[in-house]
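One structure below.
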Amino acid sequence: MDKIGIFDFGGQYCHLIARRIRELGVYSEIIYKPSEEYVAYILSGGPGTLTDSESPKLPENFFEKINVPILGICYGHQMIAQSFGGEVGRGKEREYGKKIATIKTDSPLFKGLTNNEQVWMSHFDEIKKIPKGFEVIAQTDICKIAAFQNLERKIFGIQFHPEVKHTINGLKILDNFLDIVGCRRTYNLEDWVNKKITELKREIGDNKVIMACSGGVDSTVAAVLLAKAGINAHFIYVDTGLMRLNETEEVKGIFSELNIPNLHVINAEERFLTTLSGISVPEKKRKIIGHLFIEIFEEEAKKLGEFDYLGQGTIYPDRIESAQPSKHATVIKSHHNVGGLPEKMNLKLCEPLADLYKDEVRKVGKMLGLPEKFTGRHPFPGPALAIRILGEIDKEKIEILKKADAIVTNIIRNHGLYEQLWQVFPALIPVKSVGVMGDERTYEWMIAIRAVESIDAMTADWAKLPYDVLEEISNQIINKVKGVNRVLFDITSKPPGTIEYE
Ligand code: XMP
């Protein structure tokens, strides 16, 4: 299989490029050093400035050693210019947003495009002087060298972002690059599934796997894959009491419909409630939930005998992030994943989805028979509803939030808005305010509605939900959920807010 290596110069851009290349039928992965297995390289964009000594660099003498096609994007574009003796510096002004680029359509990179194309720009630095051997193939009013090429060496640079949807023909540009590379478009998820099943059979064989299932898409798809491969696997689902309405029943239903054996559902609601009682500090809540989860998982696993492997629903971005610890030095929230599991159990790891992006996991899930309503579900945090109830948790608050959550999801789905949103959910703000209902004074809690649009949760915009939808949500919550008399709409983006409340 032909593979494209994508040098990571800045997180989210880089993953988007990789996803687009995969959509075009070529396997791509995020890399930090070259290797002979790649038929071409893409140098990603990133937040750095080339003149800053701390900013990411290519390995030494990269261009002398490599003789395959290269596409540089934004930061990568400037890097090509600098490496070949051109000049990069600060532009007169920052160029940001949708722009019209005048392009030379006789460049193979822009084949099939028009002379004026809408592109997405986001830069301050720019190429001041083009290196020898290169020619300019695009410009905007602000950026005179918006794209360049060296056809002989098949090296291309573009200042704008083809991976972003606002570059209307961005995918076509990437597609043209793949044509220039001349690589085979053989990557598809049907083959991936078949190969993975064969590989699991070969590698795991008769060994025993234990795995925690959260009811989320990743761990469920991983479980289905293991089951399809006929692996002797046991799945532990801990009902913390903090799950969404009917979630446990849904998970049981899915496992039984797909004939996946050995699902062990552990009712630990009381234990979680007791341990969390009186705890209001967010990080403490998160830690308690994470530790208790592991404790219960270990206890249950012990009851089931000896295991050789620990199954996990790790996906590709999780893997890349943990390989890059320095990037995420500040802990904003200590994430709890069903994945972060017991080292002391001394098990080998089995992570069948570790090469896939979330959208690919969803497609695989669908291919394996999971209902679309399930595979298309929004992300849901490990600590579940506990971090959407601010401060102390108790049974009454959980019940309120469960009901409100079901109402919000239902209304959003009915209006056909679910798929457009990254996440939408209510949070319980345990502050009481006065209201009036049927001539009676009320003094009850508030629910905040959080709805965000995002590509990867690193940044998010609050979603401009239609007023009539908000009105319906507000009416239903106040009429149907006892204990709430006020509904607020959260208009904070990330940053400065985070998506979850704790
Ligand atoms: P924040 O609140 O950090 O959330 O902006 C970013 C994304 O991560 C999800 N999230 C979690 N996912 N375990 C998870 O598996 C966690 O502990 C956790 N905390 C936040 C959140 O729902 C959003 O999609």
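The values are calculated or read from the model by the stated rules, or taken from the named source; none is laboratory data. In this text, all values refer to a predicted model and were calculated from it rather than measured experimentally. Every residue, glycine as well, gets a Cβ built from its backbone with ideal geometry; the counts of neighbours run over all protein chains shown.
Go through region 182-228 and count every residue that is closer than 30 Å to Arg153 by Cα, among the β-branched types (Val, Ile, Thr) and surrounded by 19 or more Cβ atoms within 10 Å (Cβ to Cβ).
Residues flagged as closer than 30 Å to Arg153 by Cα, among the β-branched types (Val, Ile, Thr) and surrounded by 19 or more Cβ atoms within 10 Å (Cβ to Cβ) within region 182-228 amount to 0.
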- helices (runs of 4 or more DSSP H) wholly inside region 371-484 containing at least 2 residues that are touching a strand residue (DSSP E or B) at 6+ places or on another chain (Cβ under 8 Å) and either closer than 30 Å to Glu257 by Cβ or of a type in the set (Val, Ile, Thr) (or both): 395-414, 467-480
- So which residues in region 98-121 are of a type outside the set (Lys, Arg) and in contact with a helix residue (DSSP H, G or I) (Cβ under 9 Å, 6 or more places away or on another chain), if there are any at all? Ile103, Ser107, Pro108, Leu109, Phe110, Gly112, Leu113, Glu117, Val119, Trp120
- Can you tell me which residue among Leu353, Leu276, Leu341 is under 26 Å from the mean Cα position of the chain (by Cα), at pLDDT 95 or above and within 16 Å of the ligand (Cβ to nearest atom)? Leu353
- Task: Identify the single condition in (1) surrounded by fewer than 19 Cβ atoms within 10 Å (Cβ to Cβ); (2) in contact with a Lys or Arg (Cβ under 9 Å, 6 or more places away or on another chain) that Val88 does not satisfy, given that it satisfies every other one.
- Result: (1)
- Message: If a residue must be touching a residue at least 12 places away in the same chain (Cβ under 8 Å) and assigned to a loop (DSSP other than H, G, I, E, B), how many such residues does region 485-496 contain?
- Response: 5
- When every residue in region 377-418 that is at pLDDT 95 or above, small (Gly, Ala, Ser) and under 27 Å from Phe255 (Cα atoms) is compared, the one surrounded by the fewest Cβ atoms within 10 Å (Cβ to Cβ) is Ala406
- Note on the structure: Sole miss for Ile294 among (1) at pLDDT 95 or above; (2) not in a loop (DSSP other than H, G, I, E, B) is condition (1)
- Can you spot a residue in region 388-402 that is touching a Ser or Thr at 6+ places or on another chain (Cβ under 9 Å) and under 18 Å from Glu472 (Cα atoms)? no
- Item | Residue list for region 391-411, filter: of a type in the set (A, V, I, L, M, F, W, C) and in contact with a Leu (Cβ under 7 Å, 6 or more places away or on another chain) | Ile393, Ile398, Ile400, Leu401, Ala406
- For region 435-478, the count of residues that are touching a residue at least 60 places away in the same chain (Cβ under 8 Å) and of a type in the set (Asp, Glu) equals 2
- Note on the structure: Taking region 170-184 and keeping only residues that are part of a loop (DSSP other than H, G, I, E, B) and touching a strand residue (DSSP E or B) at 6+ places or on another chain (Cβ under 6 Å), one is left with Cys183
- Query: Within region 1-43, restricting attention to residues that are modelled with pLDDT under 95 and assigned to a loop (DSSP other than H, G, I, E, B), which residue is surrounded by the fewest Cβ atoms within 10 Å (Cβ to Cβ)?
  - Reply: Lys33
- Can Glu93 be described as in a strand (DSSP E or B) and at pLDDT 95 or above? no
